[in-house]
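The values are calculated or read from the model by the stated rules, or taken from the named source; none is laboratory data. Just so it is clear, the structure is predicted and the values come from calculations on it, not from any experiment. For neighbour counting, all protein chains shown are included, and Cβ atoms are generated from backbone atoms with ideal geometry for every residue, glycine included.
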Amino acid sequence: MRPPLDSGTVLIVGACSGLGREIARQLSLRAGTLVLVASEVGLLEALRAELEARNPTLGVILMACDISRPGEVGEVLAELARQFVAVDVLVNASATQGRALFAHQRWGDIERMLVGNVMTPLLLARRLLGQMLARGRGGILHIGSGAGQLFLPGAATAAATHRCLDGFLESLRLEVEGTGIVITQVAPGPIEDAAHGERARQGPRPFLGISAARCAREALAGFERGAALVYPGWGHRQVMRLLPRLPRAVRRVLGRLAMRDLRRLPGGELPRLAGSPRELPGSASTSA
Ligand SMILES: NC(=O)c1ccc[n+]([C@@H]2O[C@H](COP(=O)([O-])OP(=O)(O)OC[C@H]3O[C@@H](n4cnc5c(N)ncnc54)[C@H](OP(=O)(O)O)[C@@H]3O)[C@@H](O)[C@H]2O)c1
């Protein structure tokens with residue numbers, strides 16, 4: 001069973017940069033309509049012009065939505081319903097990022113990450129799955145992260161959200177088996193020209209890094225063959241396949257080495273674990 005990408009309507013959340021933008025580019029000659037979502041419509045205008053130039057018959061709908069606000073996600077779905085747009089394929093390619101030691105992370109940022117990375121993908125799946133089941137075809141392509149399978153100091157909340165989606169997607173995939181709906185999770189490693197453009201601007205090429213274009217290509221190929229889980233890039237794929245075979249204690253040692261590296265970062269980049277945690281719900285100092 002192949003997901004209905006050809007001539008279908010594909011909703012891409014997180015389309016204005018990185019992997020979402022690449023997926024939009026690679027689908028532009030195949031899809032019938034692309035619904036592109038980012039936090040501001042203005043950020044998507046250049047992409048719309050590029051896609052329409054490539055394929056003048058492509059329908060492009062732009063929508064603004066802060067994915068960390070469920071009300072705005074609901075508004076996007078309501079607007080699509082008003083325009084009689086039926087989504088065939090959902091691509092989740094957005095993620096609320098943030099590197100910080102957990103004890104120093106603002107509670108508001110933790111909440112935004114939980115809502116944006118966990119609640120919103122579940123809400124979108126819950127709202128769109130009914131239509132897909134009724135039509136007997138559809139798909140969800142979720143761009144998660146290899147980070148969900150690591151012990152990752154400095155990104156504990158992000159790792160938690162990716163691990164959470166891993167359980168959700170694998171379970172949902174079993175629930176919809178045989179209904180014509182394809183659910184694929186992609187767990188990339190470092191992307192050279194994505195991640196808010198940070199890696200593209202600074203420092204050396206990341207170890208095992210691949211381009212956003214290659215990652216998108218491998219993600220779409222895996223989705224089309226109905227894969228449950230795709231690790232884009234040969235080197236990253238070998239590492240991710242090896243990791244679960246390592247004893248947990250060894251994986252903790254790797255995490256400890258990563259924490260040691262974090263402590264060496266220039267002052268201020270990641271705060272040290274000193275002093276009292278700030279801004280927790282229920283505490284008098286909560287402000288986030
Ligand atoms: N880049 C990497 O090295 C890497 C590695 C492993 C996994 N991944 C995963 O790949 C996925 C995409 O990452 P990326 O590197 O392509 O990211 P990116 O270049 O930063 O793009 C993220 C997209 O998400 C949107 N977005 C973020 N927060 C949003 C919000 N609150 N509301 C609406 N849109 C929001 C951004 O739009 P706005 O600019 O409008 O906010 C942007 O279009 C993520 O799940 C990430 O975890 C990335």
Of everything in the range 226-265 that's outside any helix (DSSP H, G or I) and without any contact (Cβ under 8 Å) to a residue 24 or more places away in the chain, which residue is farthest from ILE143 (Cα to Cα)?
-> ARG264
Scanning the range 114-140 for residues that are buried (at least 23 other Cβ atoms within 10 Å of the Cβ) and β-branched (Val, Ile, Thr), which turns out nearest to LEU242 (Cα to Cα)?
-> ILE140
For the range 189-203, enumerate the residues that are at pLDDT 70 or above and assigned to a loop (DSSP other than H, G, I, E, B).
-> GLY189, PRO190, GLU192, ASP193, ALA194
On the given criteria, is ILE143 among the β-branched types (Val, Ile, Thr), buried (at least 21 other Cβ atoms within 10 Å of the Cβ) and within 12 Å of the ligand (Cβ to nearest atom)?
-> yes
Using beta carbons and a limit of 6 Å, which pairs, at least six apart or on different chains, have the first residue in the range 59-79 and polar (S, T, N, Q) and the second one within 12 Å of the ligand (Cβ to nearest atom)?
-> SER68/THR96; SER68/ARG112; SER68/VAL115; SER68/GLY116
Quick one: what pairs do we get from the range 1-28, first residue surrounded by fewer than 21 Cβ atoms within 10 Å (Cβ to Cβ), second polar (S, T, N, Q) and outside any helix (DSSP H, G or I), C-beta under 7 Å, 6+ apart or different chains?
-> THR9/THR33; SER28/ASN55
Lone unmet requirement of (1) at pLDDT 95 or above; (2) of a type outside the set (Ser, Thr, Tyr); (3) away from the ligand (no atom under 14 Å from the Cβ) for MET119 = (3)
Are there any pairs, at least 6 apart or on different chains, whose C-beta atoms fall under 7 Å, with the first in the range 130-143 and closer than 19 Å to ASN92 by Cβ and in a helix (DSSP H, G or I) and the second more than 16 Å from the ligand (Cβ to nearest atom) and of a type in the set (Ser, Thr, Tyr), and if so, which?
-> LEU133/THR179
